[in-house]
1. Restricted to segment 1-41, and to residues that are open to solvent by 60 Å² or more (accessible area, probe 1.4 Å) and either in contact with a strand residue (DSSP E or B) (Cβ under 9 Å, 6 or more places away or on another chain) or not in a helix (DSSP H, G or I) (or both), which residue is modelled with the lowest pLDDT?
2. Return the only residue of V22, V81, V106 being of a type in the set (V, I, T) and without any contact (Cβ under 8 Å) to a residue 24 or more places away in the chain.
3. Going by the structure shown, is G176 without any contact (Cβ under 8 Å) to a residue 12 or more places away in the chain, in a helix (DSSP H, G or I), open to solvent by less than 80 Å² (accessible area, probe 1.4 Å) and of a type outside the set (A, V, I, L, M)?
4. Please go through segment 106-138 and pick out each residue that is small (G, A, S), more than 14 Å from the chain's Cα centre (by Cα) and crowded, with 17+ Cβ neighbours inside 10 Å.
5. Filter segment 52-108 for residues that are part of a helix (DSSP H, G or I) and farther than 18 Å from G118 by Cα and give the result.
6. When only residues in segment 42-55 that are open to solvent by less than 70 Å² (accessible area, probe 1.4 Å) and over 24 Å from K14 (Cβ atoms) count, which is modelled with the highest pLDDT?
7. Consider A90 against the criteria (1) within 29 Å of G34 (Cβ to Cβ); (2) at pLDDT 95 or above; (3) open to solvent by 30 Å² or more (accessible area, probe 1.4 Å): it satisfies all of them except one. Which criterion is unmet?
8. Please go through segment 59-75 and pick out each residue that is modelled with pLDDT under 85, charged (D, E, K, R) and open to solvent by 90 Å² or more (accessible area, probe 1.4 Å).
Amino acid sequence: VLMRRFADEIERDKFDLAIACVYEVGKSRMEALGEVEEAIDLIRYYGQQMEDNNGFERALERAFANEETSDVLRPLGVFGVIAPFNFPVALSISMVSCALIAGNTVVYKPGDQSGLTGAMIVQALERAGLPAGTVNLVFGDGKLGAAMVDHPGFDGFAFTGSNRVGMGMLRKVAAGR
């Protein structure tokens with residue numbers, strides 16, 4: 001229900017959010033509006049998937065008749081979402097929505113060129129009724145993202161960016177920082 005309200009809030013503000021995207025990262029009006037529309041669809045899709053799959057459990061295809069296979073999702077805790085500058089709406093909303101739908105809290109760092117867009121996304125979540133402290137918005141450049149990865153208080157990350165940075169994050173997190 002909350003995610004449906006979030007999608008409705010984004011839809012209500014879609015033109016303002018698209019203009020922020022145009023202003024901050026230089027997309028064309030049509031591309032920015034398309035990105036916002038995609039984000040709305042993603043929120044609704046993820047919410048529907050959660051409903052269709054009985055929340056955190058879903059049966060999987062069997063390879064053999066005598067086996068039972070299932071996928072059990074569970075919240076991890078605090079998720080760091082480090083979003084890119086070039087798709088500040090769709091990728092931010094996608095990563096934040098997935099973390100929330102799975103039951104996690106989020107520390108969200110938008111791209112360093114898209115702070116207004118990030119703030120508007122969090123404001124829409126707040127208007128939708130997200131409890132205070134569930135998503136925490138932080139601003140900064142790559143140094144802040146690196147500090148997040150180094151911090152032991154994170155239980156998982158969603159990141160879109162360069163292969164080099166992503167592989168460095170993976171190595172650090174997999175090694176226990």
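1. The selected residue is V1.
2. Exactly one residue qualifies, and that residue is V22.
3. Criteria not met by G176.
4. S114, G115, A128 - these are the residues of segment 106-138 that are small (G, A, S), more than 14 Å from the chain's Cα centre (by Cα) and crowded, with 17+ Cβ neighbours inside 10 Å.
5. D52, I101
6. N53
7. Single failed check for A90: (3).
8. Selection gives R74 alone.
The values are calculated or read from the model by the stated rules, or taken from the named source; none is laboratory data. Being a predicted model, the structure only gives us computed values, none of them experimental. When we count neighbours, we look across all protein chains shown, and the Cβ atoms used for this are built from the backbone with ideal geometry, even at glycine. Keep in mind that these areas ignore ligands, DNA and RNA; they rest on the heavy atoms of the full protein, side chains included. Shrake-Rupley method; radii C 1.70, N 1.55, O 1.52, S 1.80 Å.
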